[in-house]
Structures are given as structure tokens and as C-alpha cells.
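Take a look at the structure below.
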Amino acid sequence: MAPREVRLSTTPTLEAIADLRLGDIVYLDGLMYTAREGVYMRALEDKANIPMELPGQSAANFHCSPAARINPDGSFDMGAVTATASFRFAKWLPEWMAKTGAKLIVGKGGMTSKDYKDYFVPNGAVYLSTVGYGTGALLGRGVERVEAVHWNEELGLAQAMWVIKCNRMGPFIVASDLQGNCLFERENAKIAGNVARVYEGTKPATLKRYGESDDRTDEVI
Amino acid sequence: MGAKMIPLSLIQSTAETLMDKAAIEIPQDYLDGLQEAARTEDGDLSSFVLKAMLENYEAAKEDRRAMCGDTGVPRWFVKLGNEAQVEGGMVALEAALRRATANATNGVPLRPNRVHPLWRTDHDNNVGIGAPEIEYGFEPEGAWIDLITVHKGGLFGTDYRMLFPSDGIEGIKRFYLDSLMAFGKRGLACQPAIIGIGLGGSKDICMTLGKRASTLRVVGSRNSDPEIAKMEDEFKELGNSIGMGAMGFVGKNMVIDCNIEVGYCHTGGLPMSVHAFCLSSRRAVARIQADGRVEHRTDPDWFTPYQRRETVEWDTVKEAAE
């Protein structure tokens, strides 16, 4: 069955978010900003003033560094955009959401259902994953224009806060819902049943490593 | 008289073209592999992902924009025929490759990914200490140089382990599966990928062999050792039988191909590394001839008989007779 396609505003209503189902394909309209470790540290640890009106202007936080440049005349060229893995940002997200009212966290790989239940659901937020993860050129086509770049002097182009105007930007895939369910955990659970069969006959290494898990059905994030 | 000097300006302009091609054009061998995967995939989410990827390659080429926003870490493999001569020597060549990397980062544009590991300093041009990496190989004959650029992405999909002869093939399989499981979940490895396995060498060379197996060999190539070639087939099949596909969704396509490279190692050990060259398998190659002709291709053709030589001397006459 082909997945359902949905168009969604980057300042979505509660009803629009509540209507999203795991595995829906989403296309975004409106302003979205990039923020990852550099922005989180500067805003939350160094207490710098966030140079945008949030969530009024945008409730969509993209874990992304674009392939882009700032031209000598101050204009921007953005080629491809792709997300970076989000689980590394879990330590900042609760505070970030409380501060900015972000409702859509857009990135790669999702978070755990525990993260979703602990602070996504109470904040009325869901997670959207990029697809592939390499559909950078398709996503780039959905960038109508770059509105602004903040903190590029302080953080460099890759970590700067890029504000982009999305026009049917996508595809993204709904990876969490307002009940805190996790698409990736659902898929992992389906695959887990097959793991023992695939490993049959293989043997553990002679020299052990101090490790974190030997259960292949465990999550790694 | 030696062969004609290859002009530095030609090296730099060719390198800039390669940077652009690598970022934008998916190599045909990988595209064929992915189209085949899309044909056989029956997981509904995995199928959607593969279809989106195929559309993405088209969009990248049409718009001349990078296929992925993470444009990887540009690096260079330079191969020289034994008679090749470069204007200004190898120091000048390295400068030209660094200039090309910086210019193309701004020109395409690419993402300026390279930062200092501690201070996170970003020159916004993918050049810095040890970046881009430039590695060399040589061939017994010819006055050409091959420029190969690889923009491998990824923080995930790579692992190393010191195994031992007693671990044997079943231990090798276990570590291979562990790597695929760990990095395949949630699609962190951006699979389906070209999986490269390095076996042997010392620790650093084991990593190098595996990295080169994934990035410098094309989909459908096989190791010249028929027993290793059989392992490659078997490991591809094994990886695709996990039941995990693109993005870690239920599916049957995780490994577009599996390439294994070996090097002689310490008699007591069996070091192993695993690498994944992702959905945006960025590589581009050009041969610059001594007369200035430039021939573009996507097969690095790195692992020649000479690169895999086993003996003290290299007898070109004997090689030709075989």
C-alpha cells in the first residue's frame, strides 16, 4: 500500500499534528530553521538571544547543514539539503522545545519512544524524518528562498542558523505521533524476529570487548 | 628524454570538474544496482524510499545540484604511471588538489564539512590539517595520472575489530552482521550501501583496505581471488537476508554489493574492518595523459594486479605473458 501524502504548515495547528500517522509522507510549507549542536550550545548554554521570533515565525527545527554559500553581495545559494542524525541532540531538545515552542523536529533517524513520551508529547511535537537519507536534491527544490543566515560568523556555515522558505518541501516521513509511538522502533520490532536465524552458526569473537549490548534486537541510540 | 610534463593548470581544472561530478552524478554502476534493488523491494516504506532516491538522482543531474546535502568529506586518490611527470612536482600537485577542493566547495556548492576536531574551526572550504586526504598508488607503465575523488559521507557504518585465526569465517560473519545491524537500524548507514570489508594488514591498513574496497571498487566487480569472490557473493546475500532495508525499514535490500580486500597481516591476528559507501556513493575519476588528453570515467580501477602483488619483484614481462 502506498503511503499517505500530507501537506503541512511549519506553524501547524494542534489538529494538523494530531492527524499525522506513522509512515505518512509530509511536504512542508512555510519557514523552517536549521539548528543543531552549534545553535543549541550558543542559545542554551551561552544564553545568546535567538535572532528569530519563535514559534511565531516557525515551529519547525531542521537538524541540517545545507550545501550552500553566502555570496560576496550577501545573497545566498543553496544547493542540496539533507538532515543529520538527531539522537545526538537529545540532551538539548527538552530545553529547546520549552524555549522555542518547536512542534516539528525534522532530522535523520528519529529519537527513542522514551524521548517522544518524555518531552515531544507534552510539548505537542512530532518528529519528521528525511527520506533516504539522501534526497538532498529533491529537498533543495523545495527551498523557495533563503530568508536569512544567523550566527554564521560565530559558528561557520555548517553550524549556522539558516532560515529557509519551504514550498512543498519534501518528502519527509512521520516518525512519531502524539501518542509517542516510534516508527523506527515499530520496524525494528518486525525485523527482530528474523535476527536469530540470520546469526545462526556465526560465533562470538575470541577476544571480548567491553561493550554496551549483545542483544541485536536492542536499540543502538 | 622523459615523458611530457602534465601541466598544473590542467590538473587543477580537471580536479574541479571531478569535484562537481562526484557531488552531482550518481555513478552508473551504483544506479544500476539501486534500480535492481527497487525492482525487487517489496517492503512498502522501503520501496517508497528507493523510489524517492531514484527521483533524487534525476533532480540532482537536472538542476546540477549536489545529490545529498551532506556532501561528505572530499578526498583524493592519485595514481601515477611510472613515467608520469607533473609540472612543479608532487608538492605542486598537492597544492592544486587543495585549491580545487576549496574552489569547488564554494562553487558547486558543497557543504563545508571539515572542522578542527577540538576547536571546531571551519575554514568553510573543506581544507584543513590533513584535509583533503591525498593518497598515492603507482603502476608499472604509463605517463598518465589518474585523479580519483571520493566524497564519502558518514559518521556511521564503519567499524574495526581485531579477530584471530581461531575466529574463522563464522567469526568474520558475526562481525559483519553486527556492523550491519548496528548501523543499519534507523538507516544510520544510509543503506543500501556498497559494503567494503578489509581483512588483514596492520590496524590502520585494515581500515584503509576496507575503505578502498567500498569506495574504489564498483558494483558488480569481484576480487581476483576466486575464493574471495565467492565470499563476496555470499556476504551480499547474507546482508540482504536480515530483513532490513533502506532507512532500517522492513525490506530485503541492505547491501548493493559487498567488496572484500585483503592484505598480509601478523601471523597471530585477523584484523577486520567494515565500511559502508552510502546511497550517495560519490566518486569520480579522470585520467590525464601526458599529451593533455583527459578521459573521464567512474571506475577507479584501483585494485590492479600490481596493487595486489604478492612477490618481492614485479616482473612485467611475466605478467604480460599470463
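Readers should treat all values here as calculations from the given coordinates under stated rules, not as data from a laboratory. This is a predicted model, so every value here is computed, not measured. So basically every Cβ, Gly included, is an ideal-geometry build from the backbone, and we count neighbours across all protein chains shown.
Odds and ends about this structure:
- Student exercise, chain B dipole from Lys, Arg, Asp, Glu Cβ charges, in Debye to nearest 20: 920
- Under 14 Å between alpha carbons - lysine pairs in chain B that sit 8 or more apart or on different chains: 8
- Globularity index of the range B:139-273, i.e. its alpha-carbon radius of gyration over 2.2 N^0.38 Å: 1.07
- With the convex hull drawn around the C-alpha atoms of the range B:162-214, the volume per residue stands at 79 Å³.
- Over all distinct Cα-Cα pairs of the range B:67-132, the Kirkwood formula returns a hydrodynamic radius of 13.1 Å.
- Cβ-isolated cysteines (cut-off 4.7 Å), the protein assembly as shown: A:C64, A:C166, A:C182, B:C68, B:C206, B:C258, B:C265
- Taking GluC sites (Glu not before Pro) in DSSP loop conformation with at most 16 other Cβ atoms inside 10 Å as exposed sites, chain A has its longest uninterrupted site-free stretch at A:54-199.
- On Cα atoms only, tilt of A:183-199 relative to the major axis of chain A in degrees: 30
- Residues within the reach of a label modelled at B:W119 (point 7 angstrom out along Cα to beta-carbon, backbone nitrogen below 20 Å), restricted to the range A:152-167, are A:152-160.
- Residues B:V312, B:V218, A:V174 arranged by fewest to most Cβ contacts within 10 Å: B:V312, B:V218, A:V174
- Dividing the alpha-carbon radius of gyration of the range A:12-95 by the rule-of-thumb value 2.2 N^0.38 Å gives 1.26.
- In chain A, the DSSP-assigned H stretches of four residues or longer account for a calculated mean residue ellipticity at 222 nm of -5000 deg cm²/dmol, using -39500 (n - 2.57) per stretch and the full residue count as denominator.
- Neighbour counts of C-beta atoms inside 10 Å place A:V198, B:V73 in the sequence B:V73, A:V198, starting with the fewest.
- One Cα centroid belongs to the range B:181-217, the other to the range A:1-58; the line between them spans 34 Å.
- In a DSSP loop and with at most 11 other Cβ atoms within 10 Å, the trypsin sites (Lys or Arg not before Pro) in the range A:116-221 are A:K208, A:R209.
- Comparing B:C68, B:G43, B:T14 along the charge dipole axis of the range B:1-74, the residue lying farthest to the positive side is B:T14, per the Cβ-charge model.
- Dipole in debye (nearest 20) - the range A:79-213, about Cα centre, beta carbon charges: Lys, Arg +1; Asp, Glu -1: 360
- The range A:87-129 and the range B:106-168 have Cα centres separated by 33 Å.
- When chain A is treated as a GNM with alpha-carbon contacts under 10 Å, the residue of A:G30, A:G56, A:G211 showing the greatest mean-square fluctuation is A:G211.
- Sites B:D204 and A:R168, calculated FRET efficiency, Cβ-Cβ separation with R0 41 Å, nearest 0.05: 0.30
- For the range B:105-188, the spread of Cα positions along the three principal axes, ordered from largest to smallest, is 48, 43, 24 Å.
- Computed about its Cα centre, the charge dipole of the range B:1-147 is approximately 620 debye, with only Lys, Arg, Asp and Glu carrying charge at their Cβ.
- Restricting the calculation to alpha carbons of the protein assembly as shown gives Rg and Dmax of 23.7, 79 angstrom.
- Sorted by Cβ neighbour density within 10 Å, fewest at the top, the residues A:L31, B:L216: A:L31, B:L216
- Computed over the range B:1-56, the convex hull of the alpha-carbon atoms projects to a mean area of 5.6 nm².
- For the range A:102-148: rounded, prolate or oblate by the Cα gyration tensor [a/c cutoff 1.5]: oblate
- The range B:208-314, Cα convex hull volume normalised per residue, Å³: 136
- Kirkwood Rh, angstrom, chain A [1 / mean 1/r, Cα pairs]: 18.4
- Residues whose amide H comes within less than 5 Å of that of B:L163, counting only those at least five positions distant or on another chain, are B:L270, B:M272 (H built at 1.01 Å from N in the peptide plane).
- Computed over the range A:132-221, Cα set: Rg, Dmax in Å: 20.7, 57
- Extension gain (nm, one decimal) between B:Y306 and B:I169, 0.36 nm per residue minus Cα-Cα: 46.6 nm
- Positive dipole terminus of chain B, leading residue within B:C278, B:M254, B:H116 (C-beta point charges): B:H116
- Evaluated on the range B:12-129, the Kirkwood hydrodynamic radius is 16.5 Å, with distances taken between all distinct Cα atoms.
- Applying 0.36 nm per residue to the separation of A:T13 and A:K114 and subtracting their alpha-carbon distance, the gain on full extension is 34.0 nm.
- Equivalent ellipsoid of chain B: semi-axes from √(5λ) of the C-alpha gyration tensor, largest first, are 31, 26, 18 Å.
- Average partner coverage of B:173-183, which counts Cβ from other chains inside 10 Å: 4
- Reach of A:K47 by Cα under 25 Å, taken over lysines that are not fewer than 8 positions away in the same chain: A:K91, A:K99, A:K103
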